[in-house]
(Lines give C-alpha, C1' and ligand atoms only; values in the text may rest on other atoms or scores of the structure.)
Protein backbone atom coordinates (compact mmCIF):
# COMPACT_ATOMS: atom_id res chain seq x y z
CA UNK A 1 0.00 0.00 0.00
CA UNK A 2 1.35 3.43 -0.96
CA UNK A 3 0.96 6.55 1.13
CA UNK A 4 -1.48 9.21 0.01
CA UNK A 5 0.82 12.25 0.19
CA UNK A 6 1.19 14.83 -2.56
CA UNK A 7 4.11 14.43 -4.95
CA UNK A 8 5.32 17.98 -4.28
CA UNK A 9 8.76 18.55 -5.82
CA UNK A 10 11.58 19.84 -3.62
CA UNK A 11 13.16 22.47 -5.85
CA UNK A 12 15.17 25.65 -5.43
CA UNK A 13 12.28 27.74 -6.88
CA UNK A 14 9.94 26.25 -4.26
CA UNK A 15 12.44 27.00 -1.48
CA UNK A 16 12.79 30.59 -2.67
CA UNK A 17 9.04 31.12 -2.97
CA UNK A 18 8.90 30.67 0.79
CA UNK A 19 11.66 33.27 1.18
CA UNK A 20 9.81 35.73 -1.04
CA UNK A 21 6.51 35.12 0.78
CA UNK A 22 7.66 35.36 4.39
CA UNK A 23 11.11 36.95 4.49
CA UNK A 24 11.21 39.41 1.59
CA UNK A 25 11.92 42.35 3.94
CA UNK A 26 14.79 40.64 5.78
CA UNK A 27 18.14 42.28 5.14
CA UNK A 28 20.96 41.06 2.95
CA UNK A 29 24.28 42.88 3.36
CA UNK A 30 27.40 42.78 1.18
CA UNK A 31 30.75 44.48 0.89
CA UNK A 32 31.37 45.84 -2.60
CA UNK A 33 34.70 45.95 -4.42
CA UNK A 34 35.32 49.50 -3.14
CA UNK A 35 34.79 48.25 0.45
CA UNK A 36 31.48 50.10 0.78
CA UNK A 37 28.63 48.21 2.49
CA UNK A 38 25.58 47.59 0.31
CA UNK A 39 22.24 46.88 2.01
CA UNK A 40 19.26 45.28 0.33
CA UNK A 41 16.57 42.69 1.09
CA UNK A 42 15.74 39.14 0.11
CA UNK A 43 12.82 40.50 -1.89
CA UNK A 44 15.02 42.79 -3.97
CA UNK A 45 17.67 40.09 -4.33
CA UNK A 46 15.12 37.58 -5.59
CA UNK A 47 13.66 40.10 -8.02
CA UNK A 48 17.11 40.60 -9.54
CA UNK A 49 17.61 36.81 -9.52
CA UNK A 50 14.40 36.42 -11.56
CA UNK A 51 15.69 39.07 -13.96
CA UNK A 52 18.87 37.03 -14.35
CA UNK A 53 16.80 33.89 -14.96
CA UNK A 54 14.68 35.59 -17.63
CA UNK A 55 17.78 37.07 -19.24
CA UNK A 56 19.52 33.69 -19.38
CA UNK A 57 16.50 32.04 -20.98
CA UNK A 58 16.28 34.81 -23.58
CA UNK A 59 19.99 34.28 -24.26
CA UNK A 60 19.23 30.69 -25.20
CA UNK A 61 20.07 28.93 -21.93
CA UNK A 62 17.94 25.84 -21.48
CA UNK A 63 17.32 23.32 -18.72
CA UNK A 64 20.55 21.62 -17.68
CA UNK A 65 22.90 24.12 -19.37
CA UNK A 66 25.88 25.09 -17.21
CA UNK A 67 26.34 28.72 -16.22
CA UNK A 68 29.69 29.28 -14.51
CA UNK A 69 30.56 31.88 -11.89
CA UNK A 70 34.07 33.19 -11.25
CA UNK A 71 33.22 35.52 -8.39
CA UNK A 72 33.86 36.53 -4.80
CA UNK A 73 31.25 36.46 -2.00
CA UNK A 74 28.94 39.32 -2.92
CA UNK A 75 25.36 40.15 -3.93
CA UNK A 76 25.59 39.36 -7.67
CA UNK A 77 27.04 35.96 -6.80
CA UNK A 78 24.13 35.34 -4.43
CA UNK A 79 21.75 36.40 -7.22
CA UNK A 80 23.47 33.83 -9.46
CA UNK A 81 23.10 31.13 -6.76
CA UNK A 82 19.36 31.80 -6.92
CA UNK A 83 18.76 32.96 -10.50
CA UNK A 84 20.59 30.24 -12.42
CA UNK A 85 18.61 27.36 -10.82
CA UNK A 86 15.42 29.46 -11.21
CA UNK A 87 16.13 29.36 -14.95
CA UNK A 88 16.42 25.57 -14.79
CA UNK A 89 20.15 25.83 -15.51
CA UNK A 90 23.09 24.61 -13.42
CA UNK A 91 25.18 27.09 -11.41
CA UNK A 92 28.79 25.98 -11.78
CA UNK A 93 31.12 27.71 -9.32
CA UNK A 94 34.74 27.99 -10.48
CA UNK A 95 37.43 27.96 -7.79
CA UNK A 96 39.46 31.12 -8.40
CA UNK A 97 42.36 29.70 -6.37
CA UNK A 98 43.09 27.06 -8.99
CA UNK A 99 45.75 27.28 -11.68
CA UNK A 100 44.43 28.68 -14.99
CA UNK A 101 45.25 25.37 -16.66
CA UNK A 102 43.00 23.52 -14.22
CA UNK A 103 40.25 26.10 -14.60
CA UNK A 104 40.43 25.75 -18.37
CA UNK A 105 40.07 21.99 -18.15
CA UNK A 106 37.16 22.23 -15.69
CA UNK A 107 35.22 24.87 -17.65
CA UNK A 108 35.72 22.96 -20.90
CA UNK A 109 34.78 19.62 -19.34
CA UNK A 110 31.63 21.16 -17.85
CA UNK A 111 30.80 22.74 -21.23
CA UNK A 112 29.94 26.05 -19.61
CA UNK A 113 27.65 28.05 -21.88
CA UNK A 114 27.89 31.32 -19.93
CA UNK A 115 30.51 32.64 -17.51
CA UNK A 116 29.70 35.36 -14.96
CA UNK A 117 33.03 36.85 -13.91
CA UNK A 118 34.09 39.60 -11.52
CA UNK A 119 35.87 42.53 -13.14
CA UNK A 120 38.79 42.00 -10.75
CA UNK A 121 39.06 38.38 -11.94
CA UNK A 122 38.90 39.15 -15.65
CA UNK A 123 42.71 38.82 -16.03
CA UNK A 124 42.48 35.31 -14.57
CA UNK A 125 39.59 34.42 -16.86
CA UNK A 126 41.42 35.59 -19.97
CA UNK A 127 44.16 33.06 -19.19
CA UNK A 128 41.77 30.18 -19.86
CA UNK A 129 39.10 31.75 -22.07
CA UNK A 130 40.47 29.86 -25.07
CA UNK A 131 38.94 26.73 -23.55
CA UNK A 132 35.46 28.32 -23.86
CA UNK A 133 35.51 29.98 -27.29
CA UNK A 134 31.71 29.98 -27.66
CA UNK A 135 30.70 30.87 -24.10
CA UNK A 136 28.89 34.14 -23.44
CA UNK A 137 30.69 36.29 -20.85
CA UNK A 138 28.98 38.59 -18.33
CA UNK A 139 31.22 40.88 -16.27
CA UNK A 140 30.23 41.97 -12.76
CA UNK A 141 31.35 45.37 -11.48
CA UNK A 142 32.18 47.06 -14.78
CA UNK A 143 30.28 49.37 -17.12
CA UNK A 144 29.48 48.35 -20.67
CA UNK A 145 32.63 49.74 -22.29
CA UNK A 146 34.81 48.63 -19.39
CA UNK A 147 33.41 45.07 -19.57
CA UNK A 148 34.21 44.97 -23.28
CA UNK A 149 37.73 46.23 -22.62
CA UNK A 150 38.35 43.62 -19.90
CA UNK A 151 36.90 40.73 -21.92
CA UNK A 152 36.29 41.39 -25.62
CA UNK A 153 32.72 40.49 -26.53
CA UNK A 154 31.48 40.56 -22.93
CA UNK A 155 28.42 42.37 -21.61
CA UNK A 156 28.24 43.94 -18.18
CA UNK A 157 26.00 42.31 -15.56
CA UNK A 158 23.77 45.31 -14.85
CA UNK A 159 23.00 45.85 -18.52
CA UNK A 160 22.27 42.14 -18.95
CA UNK A 161 19.69 41.91 -16.16
CA UNK A 162 18.21 45.38 -16.82
CA UNK A 163 17.04 44.13 -20.21
CA UNK A 164 14.90 41.46 -18.51
CA UNK A 165 11.62 41.88 -16.62
CA UNK A 166 11.31 39.90 -13.40
CA UNK A 167 7.53 39.76 -13.88
CA UNK A 168 8.08 37.67 -17.01
CA UNK A 169 9.54 34.85 -14.93
CA UNK A 170 7.64 31.55 -15.02
CA UNK A 171 8.75 28.60 -12.89
CA UNK A 172 9.38 25.75 -15.31
CA UNK A 173 11.37 23.56 -12.91
CA UNK A 174 9.26 20.50 -12.15
CA UNK A 175 11.84 17.72 -11.79
CA UNK A 176 13.32 17.75 -8.28
CA UNK A 177 16.06 15.39 -9.40
CA UNK A 178 17.27 17.71 -12.16
CA UNK A 179 20.73 19.23 -11.64
CA UNK A 180 20.80 22.68 -10.05
CA UNK A 181 24.45 23.20 -9.08
CA UNK A 182 27.88 21.85 -9.91
CA UNK A 183 31.28 21.83 -8.22
CA UNK A 184 34.48 20.11 -9.23
CA UNK A 185 36.76 18.22 -6.90
CA UNK A 186 40.32 19.42 -6.39
CA UNK A 187 41.74 16.79 -8.71
CA UNK A 188 44.30 15.54 -6.22
CA UNK A 189 44.24 11.93 -7.44
CA UNK A 190 43.76 12.68 -11.12
CA UNK A 191 41.73 15.11 -13.16
CA UNK A 192 39.11 17.14 -11.25
CA UNK A 193 35.70 15.49 -11.27
CA UNK A 194 32.35 17.24 -11.57
CA UNK A 195 29.73 16.73 -8.86
CA UNK A 196 26.15 17.52 -9.87
CA UNK A 197 23.74 18.53 -7.10
CA UNK A 198 20.02 18.08 -7.66
CA UNK A 199 17.30 20.49 -6.52
CA UNK A 200 16.13 17.75 -4.15
CA UNK A 201 19.58 17.37 -2.59
CA UNK A 202 20.07 21.13 -2.16
CA UNK A 203 16.70 21.54 -0.41
CA UNK A 204 17.22 18.60 1.95
CA UNK A 205 20.79 19.68 2.66
CA UNK A 206 19.59 23.21 3.52
CA UNK A 207 17.17 21.73 6.05
CA UNK A 208 19.93 19.58 7.55
CA UNK A 209 22.32 22.55 7.85
CA UNK A 210 19.67 24.60 9.65
CA UNK A 211 18.66 21.77 11.99
CA UNK A 212 22.18 20.55 12.76
CA UNK A 213 23.54 24.01 13.56
CA UNK A 214 20.43 25.27 15.32
CA UNK A 215 20.02 28.23 12.95
CA UNK A 216 16.92 30.40 13.21
CA UNK A 217 15.24 33.31 11.43
CA UNK A 218 16.64 35.83 13.93
CA UNK A 219 20.27 34.84 13.18
CA UNK A 220 22.73 37.00 11.26
CA UNK A 221 24.95 34.65 9.28
CA UNK A 222 28.37 35.58 7.86
CA UNK A 223 29.92 32.92 5.56
CA UNK A 224 33.67 33.38 5.28
CA UNK A 225 33.85 30.12 3.35
CA UNK A 226 34.16 31.13 -0.33
CA UNK A 227 31.04 30.74 -2.43
CA UNK A 228 33.15 28.86 -4.97
CA UNK A 229 33.87 26.18 -2.36
CA UNK A 230 31.33 23.33 -2.00
CA UNK A 231 28.15 25.43 -2.29
CA UNK A 232 29.38 27.81 0.43
CA UNK A 233 28.58 24.87 2.73
CA UNK A 234 24.88 25.25 1.89
CA UNK A 235 24.53 28.47 3.90
CA UNK A 236 23.04 30.67 1.11
CA UNK A 237 20.12 28.26 0.66
CA UNK A 238 19.69 27.53 4.37
CA UNK A 239 19.70 31.25 5.22
CA UNK A 240 17.16 32.06 2.51
CA UNK A 241 14.92 29.22 3.63
CA UNK A 242 14.99 30.48 7.22
CA UNK A 243 14.91 34.19 6.41
CA UNK A 244 18.10 34.66 8.40
CA UNK A 245 19.89 37.95 7.88
CA UNK A 246 22.78 37.27 5.48
CA UNK A 247 26.10 39.14 5.36
CA UNK A 248 28.65 38.71 2.56
CA UNK A 249 32.28 39.88 2.91
CA UNK A 250 32.97 40.51 -0.78
CA UNK A 251 36.61 39.81 -1.69
CA UNK A 252 37.80 40.96 1.74
CA UNK A 253 38.39 37.86 3.86
CA UNK A 254 41.46 39.02 5.77
CA UNK A 255 41.11 38.95 9.58
CA UNK A 256 40.70 42.72 10.05
CA UNK A 257 37.97 42.99 7.39
CA UNK A 258 36.12 39.96 8.72
CA UNK A 259 36.30 41.28 12.29
CA UNK A 260 34.94 44.64 11.18
CA UNK A 261 31.89 42.94 9.66
CA UNK A 262 31.40 40.54 12.55
CA UNK A 263 31.39 43.50 14.90
CA UNK A 264 29.48 46.14 12.90
CA UNK A 265 26.79 43.77 11.58
CA UNK A 266 26.34 41.98 14.92
CA UNK A 267 26.77 38.54 13.37
CA UNK A 268 25.48 35.64 15.46
CA UNK A 269 26.90 32.81 13.35
CA UNK A 270 29.88 32.52 11.02
CA UNK A 271 31.63 29.80 9.04
CA UNK A 272 35.14 29.22 7.71
CA UNK A 273 38.18 26.96 7.72
CA UNK A 274 40.48 26.79 10.78
CA UNK A 275 43.11 28.96 9.09
CA UNK A 276 40.67 31.87 9.07
CA UNK A 277 39.88 31.53 12.77
CA UNK A 278 43.53 31.18 13.68
CA UNK A 279 44.28 34.48 11.91
CA UNK A 280 41.29 36.17 13.52
CA UNK A 281 42.44 35.02 16.96
CA UNK A 282 45.84 36.60 16.33
CA UNK A 283 44.20 39.84 15.18
CA UNK A 284 42.03 39.91 18.32
CA UNK A 285 45.10 39.44 20.52
CA UNK A 286 46.90 42.25 18.68
CA UNK A 287 44.03 44.72 19.21
CA UNK A 288 42.31 43.91 22.51
CA UNK A 289 38.97 45.63 22.92
CA UNK A 290 38.87 46.94 19.36
CA UNK A 291 36.19 44.54 18.11
CA UNK A 292 32.89 43.62 19.72
CA UNK A 293 32.11 39.92 19.33
CA UNK A 294 29.42 39.82 22.01
CA UNK A 295 26.73 38.95 19.42
CA UNK A 296 28.67 35.99 17.96
CA UNK A 297 27.49 32.68 19.43
CA UNK A 298 28.63 29.99 17.03
CA UNK A 299 31.22 29.20 14.37
CA UNK A 300 31.00 26.36 11.86
CA UNK A 301 34.54 25.16 11.22
CA UNK A 302 35.58 22.55 8.67
CA UNK A 303 38.01 21.82 5.87
CA UNK A 304 40.69 20.51 8.23
CA UNK A 305 40.99 19.51 11.85
CA UNK A 306 40.36 22.11 14.53
CA UNK A 307 42.76 21.85 17.50
CA UNK A 308 41.14 21.60 20.94
CA UNK A 309 43.20 24.60 22.06
CA UNK A 310 41.46 26.82 19.49
CA UNK A 311 38.03 25.58 20.57
CA UNK A 312 38.89 26.26 24.20
CA UNK A 313 40.33 29.71 23.48
CA UNK A 314 37.26 30.94 21.61
CA UNK A 315 34.87 29.64 24.23
CA UNK A 316 36.81 30.91 27.27
CA UNK A 317 37.84 34.31 25.91
CA UNK A 318 34.88 35.22 23.72
CA UNK A 319 32.02 32.92 24.68
CA UNK A 320 31.89 31.57 21.13
CA UNK A 321 31.35 27.90 20.43
CA UNK A 322 33.16 26.29 17.51
CA UNK A 323 31.24 23.48 15.81
CA UNK A 324 33.56 21.07 14.04
CA UNK A 325 32.08 19.46 10.93
CA UNK A 326 33.29 17.21 8.14
CA UNK A 327 32.28 16.75 4.55
CA UNK A 328 33.46 16.80 0.96
CA UNK A 329 32.46 18.19 -2.40
CA UNK A 330 30.72 14.86 -2.97
CA UNK A 331 28.65 15.23 0.23
CA UNK A 332 27.20 18.68 -0.58
CA UNK A 333 29.25 19.06 1.81
CA UNK A 334 27.78 18.48 5.31
CA UNK A 335 28.08 14.86 6.43
CA UNK A 336 29.04 14.95 10.13
CA UNK A 337 29.09 17.54 12.90
CA UNK A 338 30.09 17.56 16.58
CA UNK A 339 26.72 18.90 17.69
CA UNK A 340 24.98 16.03 19.55
CA UNK A 341 24.52 17.77 22.89
CA UNK A 342 23.80 14.71 25.05
CA UNK A 343 27.29 13.32 24.45
CA UNK A 344 28.84 16.46 25.97
CA UNK A 345 26.87 16.24 29.20
CA UNK A 346 28.81 15.38 32.35
CA UNK A 347 32.23 15.89 30.77
CA UNK A 348 35.01 17.99 32.24
CA UNK A 349 35.98 21.08 30.21
CA UNK A 350 39.09 19.32 28.89
CA UNK A 351 37.01 16.31 27.82
CA UNK A 352 34.48 18.55 26.11
CA UNK A 353 37.13 20.37 24.09
CA UNK A 354 38.70 17.06 23.06
CA UNK A 355 35.33 15.70 21.93
CA UNK A 356 34.44 18.94 20.13
CA UNK A 357 37.66 18.64 18.11
CA UNK A 358 36.48 15.36 16.59
CA UNK A 359 34.49 15.33 13.37
CA UNK A 360 31.31 14.35 15.19
CA UNK A 361 28.26 12.33 14.28
CA UNK A 362 26.53 11.70 10.95
CA UNK A 363 23.86 14.36 10.43
CA UNK A 364 20.23 13.32 9.88
CA UNK A 365 19.65 11.38 6.63
CA UNK A 366 23.37 10.55 6.22
CA UNK A 367 24.60 7.06 7.07
CA UNK A 368 28.27 6.35 7.71
CA UNK A 369 30.48 3.32 8.21
CA UNK A 370 34.20 2.60 8.57
CA UNK A 371 35.46 -0.13 6.27
CA UNK A 372 38.67 -2.18 6.52
CA UNK A 373 39.92 -4.90 4.17
CA UNK A 374 38.29 -7.37 6.55
CA UNK A 375 34.90 -5.66 6.53
CA UNK A 376 33.10 -3.07 8.62
CA UNK A 377 35.17 -1.82 11.56
CA UNK A 378 33.84 -2.10 15.11
CA UNK A 379 32.82 1.06 16.95
CA UNK A 380 35.73 0.87 19.35
CA UNK A 381 37.40 4.23 18.74
CA UNK A 382 40.62 2.42 17.75
CA UNK A 383 40.13 0.42 14.56
CA UNK A 384 40.97 2.57 11.56
CA UNK A 385 39.39 2.25 8.15
CA UNK A 386 38.03 4.24 5.23
CA UNK A 387 34.92 6.35 5.74
CA UNK A 388 32.04 5.34 3.49
CA UNK A 389 28.79 7.35 3.38
CA UNK A 390 25.40 7.32 1.72
CA UNK A 391 22.39 9.62 1.77
CA UNK A 392 20.11 11.83 -0.34
CA UNK A 393 22.74 14.54 -0.87
CA UNK A 394 25.71 12.20 -1.43
CA UNK A 395 27.04 11.87 -4.99
CA UNK A 396 26.22 8.63 -6.81
CA UNK A 397 28.66 9.35 -9.64
CA UNK A 398 30.46 12.17 -11.42
CA UNK A 399 29.66 14.21 -14.51
CA UNK A 400 30.74 12.17 -17.55
CA UNK A 401 32.36 9.65 -15.17
CA UNK A 402 30.55 7.17 -12.93
CA UNK A 403 33.94 6.34 -11.28
CA UNK A 404 32.85 2.90 -10.05
CA UNK A 405 36.08 2.58 -8.03
CA UNK A 406 34.83 5.38 -5.75
CA UNK A 407 31.73 3.41 -4.77
CA UNK A 408 31.30 0.14 -2.92
CA UNK A 409 29.48 -2.79 -4.54
CA UNK A 410 26.43 -1.94 -2.41
CA UNK A 411 26.44 1.74 -3.40
CA UNK A 412 28.28 3.60 -0.58
CA UNK A 413 30.62 6.47 -1.48
CA UNK A 414 34.26 5.76 -0.63
CA UNK A 415 35.64 9.02 0.72
CA UNK A 416 39.35 8.19 0.84
CA UNK A 417 39.56 9.48 4.44
CA UNK A 418 40.78 7.17 7.18
CA UNK A 419 38.99 7.39 10.53
CA UNK A 420 37.83 5.63 13.67
CA UNK A 421 34.30 5.36 15.05
CA UNK A 422 33.65 5.27 18.79
CA UNK A 423 30.76 3.45 20.53
CA UNK A 424 28.54 6.54 20.28
CA UNK A 425 29.13 6.81 16.52
CA UNK A 426 31.51 9.77 16.75
CA UNK A 427 33.96 10.02 13.85
CA UNK A 428 37.60 10.99 14.24
CA UNK A 429 39.69 11.29 11.09
CA UNK A 430 43.16 9.81 11.49
CA UNK A 431 44.85 10.04 8.11
CA UNK A 432 44.27 10.24 4.37
CA UNK A 433 44.51 7.41 1.95
CA UNK A 434 46.58 9.04 -0.78
CA UNK A 435 49.02 11.10 1.28
CA UNK A 436 47.23 14.28 0.38
CA UNK A 437 48.25 17.58 1.95
CA UNK A 438 45.49 19.82 3.28
CA UNK A 439 46.60 23.43 3.55
CA UNK A 440 44.18 26.08 4.76
CA UNK A 441 41.24 23.78 4.03
CA UNK A 442 42.34 23.07 0.44
CA UNK A 443 43.86 19.85 -0.91
CA UNK A 444 47.34 19.71 -2.45
CA UNK A 445 48.44 16.63 -4.37
CA UNK A 446 51.89 15.34 -3.44
CA UNK A 447 51.86 13.06 -6.48
CA UNK A 448 51.28 15.93 -8.90
CA UNK A 449 54.14 17.94 -7.40
CA UNK A 450 56.46 14.92 -7.45
CA UNK A 451 55.67 14.22 -11.10
CA UNK A 452 56.50 17.81 -11.98
CA UNK A 453 59.73 17.87 -9.97
CA UNK A 454 61.21 14.78 -11.62
CA UNK A 455 60.73 16.53 -14.96
CA UNK A 456 63.46 18.99 -13.92
CA UNK A 457 66.75 17.98 -15.60
CA UNK A 458 68.64 18.01 -12.29
CA UNK A 459 66.17 15.84 -10.35
CA UNK A 460 66.27 12.05 -10.32
CA UNK A 461 63.68 11.35 -7.64
CA UNK A 462 61.25 13.40 -5.57
CA UNK A 463 58.91 13.00 -2.64
CA UNK A 464 56.51 15.60 -1.26
CA UNK A 465 55.12 15.28 2.26
CA UNK A 466 53.13 17.38 4.66
CA UNK A 467 54.84 19.24 7.47
CA UNK A 468 52.90 20.92 10.30
CA UNK A 469 52.29 24.64 10.00
CA UNK A 470 50.93 26.96 12.68
CA UNK A 471 48.89 29.01 10.23
CA UNK A 472 47.87 26.61 7.46
CA UNK A 473 47.81 23.34 9.46
CA UNK A 474 49.90 21.62 6.77
CA UNK A 475 52.32 22.76 4.06
CA UNK A 476 54.21 20.74 1.44
CA UNK A 477 57.91 19.95 1.80
CA UNK A 478 59.82 18.57 -1.20
CA UNK A 479 62.67 16.05 -0.83
CA UNK A 480 64.72 15.60 -3.99
CA UNK A 481 67.51 13.27 -5.10
CA UNK A 482 69.73 14.88 -7.72
CA UNK A 483 71.13 13.30 -10.82
CA UNK A 484 74.87 12.53 -10.69
CA UNK A 485 76.91 15.72 -11.04
CA UNK A 486 73.83 17.93 -11.06
CA UNK A 487 73.16 20.91 -8.82
CA UNK A 488 70.05 23.02 -8.23
CA UNK A 489 68.86 25.68 -5.80
CA UNK A 490 65.49 25.91 -4.03
CA UNK A 491 64.82 29.07 -6.02
CA UNK A 492 65.39 27.14 -9.28
CA UNK A 493 62.94 24.41 -8.28
CA UNK A 494 60.31 26.87 -7.12
CA UNK A 495 60.59 28.82 -10.38
CA UNK A 496 60.33 25.54 -12.32
CA UNK A 497 57.07 24.61 -10.58
CA UNK A 498 55.51 28.09 -10.54
CA UNK A 499 54.05 28.07 -14.10
CA UNK A 500 52.38 24.72 -13.46
CA UNK A 501 50.64 25.22 -10.13
CA UNK A 502 48.73 27.75 -8.08
CA UNK A 503 51.08 29.69 -5.81
CA UNK A 504 49.71 28.12 -2.62
CA UNK A 505 50.57 24.63 -3.96
CA UNK A 506 54.30 25.41 -4.14
CA UNK A 507 56.39 23.67 -1.44
CA UNK A 508 57.58 25.78 1.48
CA UNK A 509 60.96 24.04 1.41
CA UNK A 510 63.19 21.98 -0.85
CA UNK A 511 65.69 19.58 0.70
CA UNK A 512 68.33 17.66 -1.26
CA UNK A 513 68.77 14.11 0.08
CA UNK A 514 70.99 11.22 -0.97
CA UNK A 515 68.14 8.71 -1.20
CA UNK A 516 64.47 8.18 -0.40
CA UNK A 517 63.16 5.34 1.79
CA UNK A 518 61.24 2.74 -0.17
CA UNK A 519 59.59 -0.62 0.30
CA UNK A 520 61.07 -3.71 -1.39
CA UNK A 521 58.56 -3.16 -4.17
CA UNK A 522 59.75 0.41 -4.72
CA UNK A 523 56.95 2.34 -3.01
CA UNK A 524 57.90 5.46 -1.07
CA UNK A 525 57.73 5.20 2.72
CA UNK A 526 56.27 8.63 3.23
CA UNK A 527 55.45 8.08 6.87
CA UNK A 528 59.20 7.87 7.57
CA UNK A 529 59.74 11.19 5.82
CA UNK A 530 56.88 12.82 7.72
CA UNK A 531 58.32 11.63 11.02
CA UNK A 532 61.84 12.77 10.16
CA UNK A 533 60.81 16.25 8.99
CA UNK A 534 57.90 16.97 11.33
CA UNK A 535 59.89 19.77 12.98
CA UNK A 536 61.32 21.18 9.77
CA UNK A 537 61.04 24.95 9.38
CA UNK A 538 61.47 26.24 5.86
CA UNK A 539 63.39 29.42 5.19
CA UNK A 540 61.52 31.98 3.11
CA UNK A 541 62.07 31.64 -0.62
CA UNK A 542 61.39 34.45 -3.05
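The values are calculated or read from the model by the stated rules, or taken from the named source; none is laboratory data. Source: prediction; values computed, not measured. In this analysis, Cβ positions are derived from the backbone assuming ideal geometry, glycine residues included, and neighbour counts consider all displayed protein chains.
Results, tabulated for the structure shown:
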{"read-out": "Condition check for residue 96: assigned by TED's automatic domain parsing to the domain that holds residue 47, in a loop (DSSP other than H, G, I, E, B) and either closer than 22 Å to residue 241 by Cβ or under 16 Å from the mean Cα position of the chain (by Cα) (or both)", "value": "yes"}
{"read-out": "Some residue of the stretch 280-295 being within 18 Å of the chain's Cα centre (by Cα) and either surrounded by fewer than 16 Cβ atoms within 10 Å (Cβ to Cβ) or over 30 Å from residue 466 (Cα atoms) (or both)", "value": "no"}
{"read-out": "Residue under evaluation residue 497, criteria (1) assigned to a helix (DSSP H, G or I); (2) under 21 Å from residue 302 (Cα atoms), criterion not met", "value": "(2)"}
{"read-out": "Candidate set from the stretch 444-457 (those that are at pLDDT below 80 and out of contact with any strand residue (DSSP E or B) (no Cβ under 7 Å at 6 or more places or on another chain)); member that is nearest to residue 275 (Cα to Cα)", "value": "445"}
{"read-out": "Residues of the stretch 316-366 that turn out to be part of a loop (DSSP other than H, G, I, E, B) and within 24 Å of residue 267 (Cβ to Cβ), as a count", "value": "8"}
{"read-out": "Some residue of the stretch 390-400 being assigned to a loop (DSSP other than H, G, I, E, B), touching a residue at least 60 places away in the same chain (Cβ under 8 Å) and either more than 22 Å from residue 364 (Cα to Cα) or in the same structural domain as residue 443 (by TED's automatic domain parsing) (or both)", "value": "yes"}
{"read-out": "The stretch 20-43: number of residues that are under 16 Å from residue 247 (Cβ atoms) and either in a strand (DSSP E or B) or in contact (Cβ under 8 Å) with a residue 24 or more places away in the chain (or both)", "value": "15"}
{"read-out": "Lone qualifier among 475, 471 - being outside any strand (DSSP E or B) and either on the phi < 0 side of the Ramachandran plot or in contact (Cβ under 8 Å) with a residue 60 or more places away in the chain (or both)", "value": "471"}
{"read-out": "Residue tally, condition surrounded by fewer than 23 Cβ atoms within 10 Å (Cβ to Cβ) and touching a strand residue (DSSP E or B) at 6+ places or on another chain (Cβ under 7 Å), over the stretch 125-136", "value": "3"}
